[in-house]
Structures are given as C-alpha cells and as structure tokens.
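Student: Following this message is one structure expressed as structure tokens.
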C-alpha cells in the first residue's frame, strides 16, 4: 500500500477521497479509510489570504466564484498559481495529481480561468467534481481558490463576485452578503 502512495506528500493524500484512493491506487476500502485517518492528523497550515486589490477585499480559505467581466478583478496580492488551460480528464488529473504537488513546494492561492469551459462532455458533473477537488485542495493547503466563469452558474462556492457595468462604473455584487462594491 505505501509503495503506491509514497511519491505523494501526506498533505497531498488529504486531497483524495476513499473512492479515489481505491480507484487510482488500487487500495482496499479499509486501507483507504485507514490512510485517510492518518493523513488527517497532520498539522494544519497557516492560512494564506488573497487580497483583491481593485476591491480592497480579502478572501481566505475556500473556493470563490468570479463571474461576468471578471478580468477587471484579476489584480491580486499575492500572485496566485494559474491553472493551465486543460479540459476534461486532463483538467481533473491536473487537479488531483499535479496541482497538489506544485502546492507542496509553492503554496499560494490558486486561480482557474474559464472554469465554465473546462468540460466538453458531462459538463455539470465535471464542474461539480472539479469544484469538489478544489475545495479539498483549499482545505488541505489552507489557500483560497478562485474559479472564473463568463456566465453566472450557481456553484457551491463560499462567495460569488459578479462583475457588471452600470454606465461608466464597474460594479461587483458580492453574494451571499449581497453587497455591491465599485472597482477602484
């Protein structure tokens, strides 16, 4: 069992579910449960926040949705890791196997552009599954994750930032608090 998973850090292994450990590492369910119990004992990391500089707003651990003309919000401190433009299974494999390994050595917030265009088949299932993975990554590595979509899709995110124009002003509606902020 340990040989199969030894190339992954304990923190990385926290990202996997029992079913994923069984599927990808050929573990028995009982072995997968025991492994997850062990990796959940590791010390949590100090949370990293992400400052949205054009809003004077800070987000912490969790997944956040940016919608509409979101490019205007993409001014951050610190600079986030940008997920590559992969789709379908390649995107899911990146999230499960590659991104956590990058975060093991370069831990910072994560940015996923064009999240709503990452799947050409089984779109809703793909979005929900990848969002589940991103939530687990956010918790395991104590970093915020931002997913960006052109159109508003109700995702199970911690907060949504909907960017729109009203006359000359660019406004951002923040849900669920339902506040409206003006971009600087």
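The values are calculated or read from the model by the stated rules, or taken from the named source; none is laboratory data. Computed from a prediction, not measured in an experiment: that's the story for all the values here. Heads up, the Cβs are rebuilt from the backbone with ideal geometry, glycines too, and the neighbour counts pull from every protein chain shown.
Student: If I ask for residues that are at positive phi and crowded, with 20+ Cβ neighbours inside 10 Å, which ones from the range 56-83 would you list? Reasoning before the result, please.
Tutor: Start the filter on the range 56-83 by keeping residues that are at positive phi, which leaves 56, 62, 68.
Once the filter is applied, which keeps residues that are at positive phi and crowded, with 20+ Cβ neighbours inside 10 Å, the range 56-83 yields only 68.
Student: Let me ask you something else. Please verify whether the range 34-43 includes one or more residues that are touching a residue at least 24 places away in the same chain (Cβ under 8 Å), under 30 Å from residue 166 (Cβ atoms) and over 16 Å from the mean Cα position of the chain (by Cα).
Tutor: If we filter the range 34-43 for residues that are touching a residue at least 24 places away in the same chain (Cβ under 8 Å), which is where we start, we get 35, 38-40, 42.
Checking which are under 30 Å from residue 166 (Cβ atoms) leaves us with none.
The answer is no, given that none of the residues of the range 34-43 is touching a residue at least 24 places away in the same chain (Cβ under 8 Å), under 30 Å from residue 166 (Cβ atoms) and over 16 Å from the mean Cα position of the chain (by Cα).
Student: Could you tell me whether residue 94 is under 13 Å from the mean Cα position of the chain (by Cα) and free of Cβ contacts under 8 Å to residues at least 24 places away in the same chain?
Tutor: On the way: under 13 Å from the mean Cα position of the chain (by Cα): yes; free of Cβ contacts under 8 Å to residues at least 24 places away in the same chain: yes.
Yes.
Student: If a residue must be modelled with pLDDT of 90 or more and loosely packed, with under 13 Cβ neighbours inside 10 Å, how many such residues does the range 2-25 contain?
Tutor: 2
Student: Could you say which residue among 24, 16 is touching a residue at least 12 places away in the same chain (Cβ under 8 Å) and more than 30 Å from residue 78 (Cα to Cα)? Explain how you work it out, then say what you get.
Tutor: Details: 16 fails: more than 30 Å from residue 78 (Cα to Cα).
The match here is 24.
Student: Give the residue, chosen from 175, 183, that is more than 23 Å from the chain's Cα centre (by Cα) and either within 24 Å of residue 77 (Cβ to Cβ) or surrounded by fewer than 16 Cβ atoms within 10 Å (Cβ to Cβ) (or both). Working first, answer last.
Tutor: Details: 175 fails: more than 23 Å from the chain's Cα centre (by Cα).
Result: 183 is the single residue among 175, 183 that is more than 23 Å from the chain's Cα centre (by Cα) and either within 24 Å of residue 77 (Cβ to Cβ) or surrounded by fewer than 16 Cβ atoms within 10 Å (Cβ to Cβ) (or both).
Okay, residues lined up against (1) surrounded by fewer than 15 Cβ atoms within 10 Å (Cβ to Cβ); (2) under 23 Å from residue 49 (Cβ atoms):
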site: 91; (1), (2): no, no
site: 115; (1), (2): no, yes
site: 125; (1), (2): yes, no
site: 137; (1), (2): no, yes
site: 145; (1), (2): no, yes
site: 148; (1), (2): no, yes
site: 151; (1), (2): yes, no
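Student: In addition: Output the number of the condition that residue 151 fails; it satisfies all remaining conditions of (1) more than 13 Å from the chain's Cα centre (by Cα); (2) in a loop (DSSP other than H, G, I, E, B); (3) closer than 28 Å to residue 22 by Cβ.
Tutor: Single failed check for residue 151: (3).
Student: While we're on this one: Would you check if residue 36 is within 21 Å of residue 126 (Cα to Cα), in a helix (DSSP H, G or I) and either in contact with a helix residue (DSSP H, G or I) (Cβ under 6 Å, 6 or more places away or on another chain) or modelled with pLDDT of 90 or more (or both)? Don't jump to the end; show me each part of the working.
Tutor: Numbers: within 21 Å of residue 126 (Cα to Cα): no; in a helix (DSSP H, G or I): yes; either in contact with a helix residue (DSSP H, G or I) (Cβ under 6 Å, 6 or more places away or on another chain) or modelled with pLDDT of 90 or more (or both): yes.
When the stated conditions are applied, residue 36 does not pass them.
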